[in-house]
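> Structure incoming, see below.
The values are calculated or read from the model by the stated rules, or taken from the named source; none is laboratory data. On a predicted model such as this, the values are computed, not experimentally measured, just so you know. We place every Cβ from the backbone using ideal geometry, glycine too, and count neighbours over all the protein chains shown.
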Amino acid sequence: MSKKTLPPVSSEYKKQVTKAILYIILFFLVYLVLITLALILVAAIGYLVFEIIVNFRFNYLVILLSGGLIGMAVFILIFLVKFIFNFQKNDTSAFIEIKRNQEPELFKLIDEVVQEVGTDQPKKLFLSNDVNAFVNYNSPFWSMFFPVRKNLTIGMGLINTTTVSELKAILAHEFGHFSQKSMKVGSYVNQANKMIYDMLYNNKGFADSMESFASTHAIIALFTRLAAWIIEGIQWVLTKFYDFLYLKHMSLSRQMEFNADAIATYVVGADVKTSALLRLDLSESALSNAMNFYLDKNVKADTKNIYQNQTTLLHYFAQENNHEIKNDLPYININEIERYNKSKLQIEDQWASHPTIKQRIEAIKKLNIPSEKVDNRISKNILKHFDKYAEKFTNKLFEYNMLTHTEEFLSEEEFREQYKSIVNEKSFHKIFNSYYDFKNPIFEDIENETSTLDEVKAQDFFSDEKVSLVFEKNALENDAKVLEMIQNGTYKMKTFDYDGAKFTKSQTPKVLKILKQREEQVDQKIKENDDAILKYLLHKASHEQKEKFSELANRFTQTDKDFDEYYNAFQEFVPYINFMSQRLDFETIMRNRNIMVSKEKIFKKKVTELLSSTFAMYMEEEDQEVLREYVDADFIYFENNKYNDSEIQILDKALGKYQETMSKSYFKLKKELLELMVEILE
């Protein structure tokens, strides 16, 4: 099979490459200046040390001064070059390496991709446990100057949920990053960022060495502090570069993704590439939810093959979301993903490394390349030993998550039913069609509702059109927040698109006014629907149901208001405990401790109120006990110059339970109210 004629790089990519090259040159010039100044300083210190030794009698003080000066110079120089020796070998202990003789069909597929894309064979091939595929290598710094063979890693969760042609598309995308010389620029930008990051943030071992050196003598400590001051100055210069260079790297990275997508599309065609891309999130969700099933403390089941569970959930999600099944896999179109995305605001996320799925799909379709000779077999069928790998990774996942095998294995049907039961406990009835997923059933003035009922069906209240209003309201609120951030300068943005038109920052108030008007219209429509729902419920309900509905609705309305009050109390208290995770002197710790203990008294009053509120009606007894233990305790947290770990653990546990029980109780009450509504509606 010959090499494919690959697409030319886009003009936007060339533009970003040109900018990146200029910024890389600028960075390395600044870095060269810093290194030169450091070497001059080292030379000057060396000369000074020589003069001290020559002109002064050799004694203990001379040794200290000379040692301090030399140490200062060495630390500054090491700081500037330590990234070169930061050899980060990729940890492959969680992977399984496979050879050509073990999986000849998979290697044959890789051979095809390598030949068609025009790149080098991977040095090694690994399998991982996830829904992913990537190419990486060790020695990132030296790879800028010397050719380094790359390793390929393919996730079992990906192989399990793609066709052979879709897997080929994903591999072509990964190898596409390295198939053209211009793509090498991305590696240089990435490495420049790593260099700065290393000098700014990866300094724990370096700082410990300086601290150890400084502890030898007060004079040594003085020179070490001087070195630290100079290093802080260098870091200040590099900080100015880091965000700027990182943003340029992200801009280039997004264009690299478009280019790699184009290469993959030339190999397999647009339909195959888009189908693979659109299913990835669902595949990831299926695998993570399968694992979360076994992490549920109420589940005592076991599995030998988590990927069979992934397949089961993939089909379950497809059924729940009405996705079409093709080749025994869900087929997802972009409209289904965008179904409730009602935002009309479009801004480029400068910090994103990837374009949005929608942007990528649009770019792929523009290429208009048909998919030919498509292999629709599930990718796992080309692996001879897939089930063996699946069992190994299942054991690894259980071990990593500290789960033990109970040998209580479920059939896939049993797994599906148990999973479905758990989901039903944590979600609302289907009749609501997600209407209350992001909205609360707040009904006011129930006792005074006396209007007559129009002819209407219960399903009309929760139609896609009505649900869409709720999602639009959320989108309008979120868009307004973003626009306010653009207006006040928090979000650095000169222009943005709204509803297909381009606006400048100065026009933000105009757009906010448009949003406000539309939000008022949507609010009115939602209110009309909610009033109709209340009218219908009261008309359909029996006397007993009306009384219970009124009680639960009023209880939930009050609890909804109380939730914010309790949550704000938590938010106000938590910052006062942050000092416990910082390295501080004893005096500062005691000062912060005293402030925290005084604020804690106010917070404990709120915890006491919570335990006697409506929330407590829905709390587990053991959770209430955790909170009571905390409220009744009189902790001081720090004494005899050390923290009391057991007291801090009780505090941490109580804070976690406070949030958890509030959310759980709120959900249980909301679900109880909605279940009663279902009973009336049906």
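> Just need a number here: residues in the stretch 449-485 that are among the small types (Gly, Ala, Ser) and modelled with pLDDT of 90 or more.
So the answer is 4.
> Among the residues of the stretch 52-67, is any under 30 Å from residue 202 (Cα atoms), in contact with a Phe, Trp or Tyr (Cβ under 7 Å, 6 or more places away or on another chain) and assigned by TED's automatic domain parsing to the domain that holds residue 34?
No, every residue in the stretch 52-67 fails to be under 30 Å from residue 202 (Cα atoms), in contact with a Phe, Trp or Tyr (Cβ under 7 Å, 6 or more places away or on another chain) and assigned by TED's automatic domain parsing to the domain that holds residue 34.
> If you check every pair at least six apart or on different chains, which have Cβ atoms under 9 Å apart with a residue in the stretch 478-490 that is hydroxyl-bearing (Ser, Thr, Tyr) first and a residue that is outside any loop (DSSP other than H, G, I, E, B) and surrounded by fewer than 16 Cβ atoms within 10 Å (Cβ to Cβ) second?
Cβ pairs passing all conditions: 490/484.
> Checking residue 389 against (1) at pLDDT below 95; (2) assigned to a helix (DSSP H, G or I), which test does it fail?
All conditions pass for residue 389, except number (1).
> Taking the options 403, 397, name whichever one is hydrophobic (A, V, I, L, M, F, W, C) and part of a loop (DSSP other than H, G, I, E, B).
Within the list 403, 397, the selection yields 403.
> Any residue in the stretch 193-221 that's in the same structural domain as residue 70 (by TED's automatic domain parsing) and more than 15 Å from residue 77 (Cα to Cα): show its pairings with residues that are of a type in the set (D, E, K, R) and surrounded by fewer than 18 Cβ atoms within 10 Å (Cβ to Cβ) at Cβ separation under 8 Å, as long as the two are six or more apart or on different chains.
Hits for this filter: 214/225.
> For the stretch 260-272, state whether one or more residues are touching a helix residue (DSSP H, G or I) at 6+ places or on another chain (Cβ under 7 Å) and surrounded by fewer than 18 Cβ atoms within 10 Å (Cβ to Cβ).
We begin by selecting, within the stretch 260-272, every residue touching a helix residue (DSSP H, G or I) at 6+ places or on another chain (Cβ under 7 Å); these are 260-265, 267-268, 270, 272.
Within this subset, residues satisfying the condition of being surrounded by fewer than 18 Cβ atoms within 10 Å (Cβ to Cβ) are none.
No - not one qualifying residue is present in the stretch 260-272.
Here's the yes/no breakdown for (1) crowded, with 19+ Cβ neighbours inside 10 Å; (2) at pLDDT 90 or above:
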site: 146; (1), (2): no, no
site: 149; (1), (2): no, no
site: 161; (1), (2): yes, yes
site: 164; (1), (2): yes, yes
site: 186; (1), (2): yes, no
site: 195; (1), (2): yes, no
site: 210; (1), (2): yes, no
site: 219; (1), (2): no, no
site: 222; (1), (2): no, yes
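> Moving to a separate point now. Could you say whether any residue in the stretch 20-33 is part of a loop (DSSP other than H, G, I, E, B) and in contact (Cβ under 8 Å) with a residue 24 or more places away in the chain?
The answer is no, given that none of the residues of the stretch 20-33 is part of a loop (DSSP other than H, G, I, E, B) and in contact (Cβ under 8 Å) with a residue 24 or more places away in the chain.
> While we're on this one: Take residue 570 and tell me if it is assigned to a helix (DSSP H, G or I), touching a residue at least 60 places away in the same chain (Cβ under 8 Å) and among the aromatic types (Phe, Trp, Tyr).
Yes; evaluated as a whole, the condition is true for this residue.
> Considering the stretch 538-567 alone, what residues qualify as being surrounded by 19 or more Cβ atoms within 10 Å (Cβ to Cβ) and assigned to a loop (DSSP other than H, G, I, E, B)?
Residue satisfying the conditions is 541 alone.
> I've got another one for you. How many of the residues in the stretch 606-634 are free of Cβ contacts under 8 Å to residues at least 24 places away in the same chain and among the small types (Gly, Ala, Ser)?
Total meeting the criteria: 2.
> Has the stretch 368-380 got at least one residue that is in a helix (DSSP H, G or I), crowded, with 16+ Cβ neighbours inside 10 Å, modelled with pLDDT of 95 or more and under 31 Å from the mean Cα position of the chain (by Cα)?
Checking the stretch 368-380: at least one residue is in a helix (DSSP H, G or I), crowded, with 16+ Cβ neighbours inside 10 Å, modelled with pLDDT of 95 or more and under 31 Å from the mean Cα position of the chain (by Cα).
> Which pairs turn up if I take residues in the stretch 258-270 that are closer than 13 Å to residue 114 by Cα and look for partners that are outside any helix (DSSP H, G or I) with beta carbon separation below 9 Å, at least 6 apart in sequence or on another chain?
What qualifies is 263/4; 263/6; 263/7; 263/177; 263/179; 263/180; 267/4; 267/6.
> When you look at residue 535, is it assigned to a helix (DSSP H, G or I), among the charged types (D, E, K, R) and in the same structural domain as residue 440 (by TED's automatic domain parsing), yes or no?
The answer is yes for residue 535.
> Going by the conditions given, is residue 584 assigned by TED's automatic domain parsing to the domain that holds residue 630, out of contact with any His (no Cβ under 7 Å at 6 or more places or on another chain), among the aliphatic types (A, V, I, L, M) and part of a loop (DSSP other than H, G, I, E, B)?
yes
> Does residue 622 satisfy the condition of being in the same structural domain as residue 671 (by TED's automatic domain parsing), buried (at least 16 other Cβ atoms within 10 Å of the Cβ) and of a type in the set (Asp, Glu)?
Criteria not met by residue 622.
> Can you tell me how many residues within the stretch 71-130 are of a type in the set (Gly, Ala, Ser) and in a loop (DSSP other than H, G, I, E, B)? Before you say what the answer is, go through the steps one by one.
Narrowing the stretch 71-130 to residues of a type in the set (Gly, Ala, Ser): 71, 73, 93-94, 118, 128.
Within this subset, residues satisfying the condition of being in a loop (DSSP other than H, G, I, E, B) are 93-94, 118.
So the answer is 3.
> Conditions: (1) without any contact (Cβ under 8 Å) to a residue 40 or more places away in the chain; (2) closer than 30 Å to residue 671 by Cα. Residue 650 meets all but one. Number of the miss?
Going through the list (1) without any contact (Cβ under 8 Å) to a residue 40 or more places away in the chain; (2) closer than 30 Å to residue 671 by Cα, residue 650 breaks only (2).
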